[in-house]
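Below is one structure, written out as structure tokens, with a few remarks after it.
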Amino acid sequence: LNESEFASFGLPSVAANAQMADLVLVAKDGYAFGNGAEGEAVVPAAAGGAGHHGSLSTDAEMNAIFIASGYRIRPGARLGPVGSIDVAPTIAALLGLKMGAVEGKALDVLAPNR
């Protein structure tokens with residue numbers, strides 16, 4: 001993808017986010033980027049969903065599992081999809097810490113104070 005296509009995939013422009021890349025590489029459906037220093041750079045995607053690189057986060061098959069359990073976690077809490085940008089603010093809230101200017105927010109998993 002080049003920058004003119006970023007917005008259609010929910011990605012920020014370089015002007016809007018200084019950490020954004022100038023170029024994003026995406027593997028064609030059914031392919032992935034190899035993880036070895038030698039061999040083919042683009043390989044068939046592993047059968048069975050093994051981890052690989054080259055997919056967009058907007059791909060529904062890229063969802064991961066988020067599980068939290070323990071002290072201060074509300075028992076039985078069920079969340080919808082969780083963004084990775086919300087994990088650090090959630091951990092900070094569990095530890096009683098405040099995070100500065102971050103895009104994410106603490107997830108609604110805190111149990112009432114005991």
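The values are calculated or read from the model by the stated rules, or taken from the named source; none is laboratory data. Values in this document were obtained by computation on a predicted structure and should not be read as measured data. Counting neighbours? That spans all protein chains shown, and the Cβs are built from the backbone with ideal geometry, glycine included. Note: accessible area is taken over every heavy atom of the protein model, side chains too, but ligands, DNA and RNA are not part of it. Shrake-Rupley method; radii C 1.70, N 1.55, O 1.52, S 1.80 Å.
Side notes on the structure shown:
- Residues considered: Val43, Val14, Val87. Of these, the only one that is modelled with pLDDT of 85 or more, touching a Phe, Trp or Tyr at 6+ places or on another chain (Cβ under 8 Å) and open to solvent by less than 70 Å² (accessible area, probe 1.4 Å) is Val87.
- Look at (1) assigned to a helix (DSSP H, G or I); (2) more than 26 Å from Ala45 (Cβ to Cβ) and you find that Leu107 fails only one, number (1).
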